[in-house]
1. I need a count of the residues in segment 102-116 that are without any contact (Cβ under 8 Å) to a residue 60 or more places away in the chain and under 17 Å from the mean Cα position of the chain (by Cα).
2. Just wondering, is there one or more residues in segment 151-161 that are free of Cβ contacts under 8 Å to residues at least 12 places away in the same chain and farther than 23 Å from Gly84 by Cα?
3. Residues that are surrounded by fewer than 18 Cβ atoms within 10 Å (Cβ to Cβ) and at pLDDT 90 or above: which helices (runs of 4 or more DSSP H) entirely in segment 1-109 hold 1 or more of them?
4. Give me a count of the residues in segment 200-223 that are surrounded by 10 or more Cβ atoms within 10 Å (Cβ to Cβ) and either in a loop (DSSP other than H, G, I, E, B) or at pLDDT below 85 (or both).
5. With the requirement that a residue be surrounded by 13 or more Cβ atoms within 10 Å (Cβ to Cβ), among the polar types (S, T, N, Q) and in a helix (DSSP H, G or I), what does segment 233-270 give you?
Amino acid sequence: MKKNKKIAVSLLVFCFLVIGTTWVSKSGRVHSASQSVKSAPQTKPEVQPKSGVERINDKAKAVKGGADTDAIRGLTDEIVSQYGGDSAPPDVAASFKNRLVNAEEDFHNGNHKGISDTDVARAVNGFVTKFKTPEYSRTSPSEVKEIRGRLLTVLPDFVGRGRVVNGRASIKARGARIADMSPVEAAYTTMAVVYQKMYNPDFQLTKTERSASWIEKHSRTPRTVGKASSQPSATAIARQHEMEGVLQRVATTTSLQDLVSLPDKVLDVLGVERQKKEGK
């Protein structure tokens with residue numbers, strides 16, 4: 001029984017965090033690097049290991065088109081490995097990755113349509129409906145777009161890149177909206193949104209609270225900007241604890257069969273085709 005519970009928790013963590021994201025500050029990383037050089041001017045600065053998002057961005061940049069199977073698999077493996085895939089049963093993780101790799105190849109070859117913010121919102125809200133999570137964990141296309149905009153600053157060669165042919169991404173006019181997502185980007189973004197709903201108070205808001213927050217933010221005067229407290233509110237802390245409780249509840253009450261099928265169902269909602277069986 002304990003073994004089954006452990007597997008269930010691993011699967012749920014995999015489903016929620018496999019494409020999770022890490023919010024990082026570019027200026028913070030640059031500041032730290034410059035400080036280390038300044039403190040030891042007579043020695044060669046130590047090479048800092050790349051962060052997770054930097055490694056993902058490098059792997060994404062290596063994808064030059066649909067024929068780059070190895071590069072696409074390298075990108076998919078990097079994401080899944082960083083964010084929980086190693087804790088899931090090997091056959092579940094392998095099936096998930098293979099399905100994404102095949103769909104990503106088709107996308108860059110022009111045989112798979114792009115995936116929209118609306119598709120991602122529908123997939124995330126499927127979690128809300130299925131697991132009866134709090135209303136503030138529900139998302140919308142506009143919120144998905146906002147999260148993608150934040151991700152774009154740290155993953156410029158992955159987020160919003162669109163279809164890549166012969167090493168060239170689609171050229172967009174200045175001011176145009178971010179391109180629809182490839183299958184791998186859509187899976188990453190879906191779990192990134194789920195991650196923010198679990199841990200980031202900026203996105204743990206109901207529709208009504210989000211509207212009120214927007215009005216308050218845009219009604220500030222130069223005199224009041226910057227005076228809001230930067231500390232997490234009691235509500236934010238309570239909601240993080242509540243979401244952690246949701247994770248525990250779902251892990252211990254959902255059948256193993258349902259958890260095993262969850263990654264495929266998420267990809268179904270996103271419009272990622274299942275692999276064709278040999279001989280069919």
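The values are calculated or read from the model by the stated rules, or taken from the named source; none is laboratory data. Being a predicted model, the structure only gives us computed values, none of them experimental. Note: ideal-geometry Cβ built from the backbone for every residue, glycine included; neighbour counts use all protein chains shown.
1. Looking only at segment 102-116, we keep the residues that are without any contact (Cβ under 8 Å) to a residue 60 or more places away in the chain, and these are 105, 109-111.
Still in the list and also under 17 Å from the mean Cα position of the chain (by Cα): none.
Looking only at that region, the number is 0.
2. First, the residues of segment 151-161 that are free of Cβ contacts under 8 Å to residues at least 12 places away in the same chain: none.
For segment 151-161, residues free of Cβ contacts under 8 Å to residues at least 12 places away in the same chain and farther than 23 Å from Gly84 by Cα: absent.
3. Details: elements: 2-17, 26-39, 52-61, 69-82, 90-108.
In segment 1-109, the matching helices (runs of 4 or more DSSP H) lie at 52-61, 69-82, 90-108.
4. Final tally of qualifying residues: 9.
5. Matches in segment 233-270: Thr235, Gln240, Ser261.
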